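Here's the structure, in structure tokens; my notes come after.
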Amino acid sequence: MLVDTSIIPLILLGLFSLCFLIQMVWLWFFFWRLARKKPAETPLNPVPVSVVICAHNKYSNLKENLPLILEQEYPEFEVLVVDHASDDDTRYLCSYYSEKYPNFKFLTVSEDLNFFTGKKFPLSIGIKSASYDWILLTDADCRPAGKEWIRSMMNVTRPETGIVLGYSPFIKGKGLLNKLIRFDNAVNALHYLSFALAGIPYMGIGRNLSYRKQLFYENNGFIAHYRVHSGDDDLFINQVATSANTSVTVDPDGFVYAPAQESFNSWMRMKQRYANTARLYKFSHKLLLRLFSFSSFGIVALFILMLSLNWSAIPVLALFSIRLICQIVVFSGGLKRLRDQDLAPLVPLFELIMFFVKTWIFIPVIFRTPQRWK
């Protein structure tokens, strides 16, 4: 049976057009929400907050960052550090701070429970030991943008709110790799913050995340994914977040800055870890995320293929140009909101680089047999 090869360009043009339409929906229906998001007004009655930090051999980070957190301008809060089996001077530093600051306390966890892995056991201990219902999470190597961090995160709380999603940019450094990592982090935020604004929250970042202790108890903490090494932030939020109980803040005063990975290999390991965790999201969330990933991959791959073969070159070039212009406009707005606007001129270059990076990382992950919880 002979195949009519004349229809192949039409089929590919149809697929390219479909990828274009999906991209337009994501850019203008989802991502544009974040670009036009404004900071919330200060509530009349700020809620008490427990800031919980888990630390393992983070003496230097705690020494540098803890005073910035302990001296927040907020009416009622505490800072709780869980020292997770450190063998440096973390315990002595925490003892010093507990004498200097009345709103500081710390716990020492000497070992893990056999059935918990990673950060989940010490974090669970910290949450259960917190004095207040509202828990605000960050990491030892993170520093808040200023003394209004807690206030900015809590500004969006309402009686029905159970979760607040914040942003954690990477610190600006030298070189193209730092810019690429910051761009990837910002695009990730465009996804999860925009989706939450659209009523489809699916993840949060533990470097800047808040939720109620009551919500933690009602959903049995991390039990649903206790065998998974990571996921104390995104898997938990994926499990419990709804359109009704989730709020978002993009106030720059509420940002928490973290150091970016210093090598390409360490960044790749982090992305592979996130990719493996994302495979355990709810089916509807995985479907939406993969739809965008496949459309992003498809529009670039088909653009290269069809132009190289001179198939429907004019419509392909026109649609790709429209999409690129829209992407630059929307991304520029989103990056400005996230205070990463210096990355906007590099969007076309970074998209091409990320095309190869994601091909390398995510295709093996997508076709790997998912891990089952037991």
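The values are calculated or read from the model by the stated rules, or taken from the named source; none is laboratory data. Keep in mind it's a predicted model, so treat the numbers as computed, not measured. Backbone-built Cβ (ideal geometry, glycine too); neighbour counts: all protein chains shown.
Data overview
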{"item": "Residue identified as free of Cβ contacts under 8 Å to residues at least 12 places away in the same chain, within 23 Å of Tyr132 (Cβ to Cβ) and either in the same structural domain as Val256 (by TED's automatic domain parsing) or among the small types (Gly, Ala, Ser) (or both) among Tyr211, Tyr217", "result": "Tyr217"}
{"item": "Residues being surrounded by fewer than 17 Cβ atoms within 10 Å (Cβ to Cβ) and not in a helix (DSSP H, G or I) - total across the stretch 202-220", "result": "2"}
{"item": "Output for the stretch 112-168, where each listed residue is at pLDDT 95 or above, within 21 Å of the chain's Cα centre (by Cα), over 13 Å from Pro252 (Cα atoms) and among the small types (Gly, Ala, Ser)", "result": "Ala140, Gly162"}
{"item": "Condition check for Gly199: on the phi > 0 side of the Ramachandran plot, among the small types (Gly, Ala, Ser), surrounded by fewer than 20 Cβ atoms within 10 Å (Cβ to Cβ) and without any contact (Cβ under 8 Å) to a residue 24 or more places away in the chain", "result": "no"}
{"item": "Subset of the stretch 144-161 (residues that are surrounded by fewer than 22 Cβ atoms within 10 Å (Cβ to Cβ) and outside any helix (DSSP H, G or I))", "result": "Ala145, Gly146, Lys147, Glu148, Asn155, Arg158, Pro159, Glu160, Thr161"}
{"item": "Hey, Lys179 outside any strand (DSSP E or B), free of Cβ contacts under 8 Å to residues at least 40 places away in the same chain and not assigned by TED's automatic domain parsing to the domain that holds Leu27 or not", "result": "no"}
{"item": "Failed item, numbered, when Leu319 is tested on (1) hydrophobic (A, V, I, L, M, F, W, C); (2) assigned to a loop (DSSP other than H, G, I, E, B); (3) in contact with a helix residue (DSSP H, G or I) (Cβ under 7 Å, 6 or more places away or on another chain); (4) modelled with pLDDT of 95 or more", "result": "(2)"}
{"item": "Residue in the stretch 233-246 that is in a loop (DSSP other than H, G, I, E, B) and over 18 Å from Ala189 (Cα atoms) present", "result": "yes"}
{"item": "Filter pass, Leu62 being out of contact with any Ser or Thr (no Cβ under 6 Å at 6 or more places or on another chain), surrounded by fewer than 20 Cβ atoms within 10 Å (Cβ to Cβ) and either at pLDDT 95 or above or among the aliphatic types (A, V, I, L, M) (or both)", "result": "no"}
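So that you can scan it fast, the table gives a plain yes or no per residue for (1) at negative phi; (2) at pLDDT 95 or above; (3) part of a helix (DSSP H, G or I):
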| site | (1), (2), (3) |
| --- | --- |
| Val25 | yes, yes, yes |
| Val47 | yes, no, no |
| Val52 | yes, yes, no |
| Pro67 | yes, yes, yes |
| Gln72 | yes, yes, no |
| Thr108 | yes, no, no |
